[in-house]
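The values are calculated or read from the model by the stated rules, or taken from the named source; none is laboratory data. These numbers come from a predicted model, not from an experiment. Virtual Cβ from ideal backbone geometry, glycine too; neighbours counted across all protein chains shown. Side chains are part of the model used for accessible areas, which takes the heavy atoms of the whole protein and leaves out ligands, DNA and RNA. Shrake-Rupley method; radii C 1.70, N 1.55, O 1.52, S 1.80 Å.
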Amino acid sequence: MFYVPAPLASPELPAKEVLGVGAATWDRFVVVPEFPQGDGVTQALELHEQGGGPVATALCVMAALGTPARLLDTQGDDAVGQAILEELRMLGVRTESIAIHPGARSALATSSCDSATGPVTSFSTLRTAPNLMLR
């Protein structure tokens, strides 16, 4: 099926809404000068946070291009889940189809990168919100 972005739509050919089904995450990226040795500590050079997940990211792009977009997902009611919802809304993605589960944890991924050599180490905190069940 071909979807026309809203700016290109006309009354004869209105834009369709894109529905994405997938897990939205919150991503943290930490850049360090080098990884510490053993139990050492190092100072972060940069810290970046943003929403992630392939489906959520694609929907943000669709919304930015003018196509109505909505995410079908589950999230916890924690601070991470709130950040995910806020950013999706700010970027124009409809979130009313995201089920919020009280007491559940949302997905958080933290990646650290050595600025000198480039290797990345990632850590994930898996969500405890139930998986989406389609019937």
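Ranking 41, 32, 55, 120 by solvent-accessible area of protein heavy atoms (1.4 Å probe, all protein chains present), from largest to smallest, gives 41, 120, 55, 32.
What figure, in Å² to the nearest 10, do you get for the accessible area of residue 48 with a 1.4 Å probe and non-protein molecules left out? Accessible surface of residue 48 is approximately 90 Å². Report, to the nearest 10°, how far helix 54-64 tilts away from the longest principal axis of the Cα atoms in the chain, using its own Cα long axis and a range of 0 to 90°. Rounded to the nearest ten degrees, it is 50.
How about segment 75-114: which GluC sites (Glu not before Pro) there are in a DSSP loop, with at most 10 other Cβ atoms within 10 Å of their Cβ?
Here the sparse-neighbourhood loop sites are 96.
Computed over the chain, the convex hull of the alpha-carbon atoms projects to a mean area of 11.2 nm². The GluC sites (Glu not before Pro) of segment 32-65 meeting both criteria, a DSSP state outside H, G, I, E and B (loop) and at most 15 other C-beta atoms within 10 angstrom of the site's C-beta, are 34.
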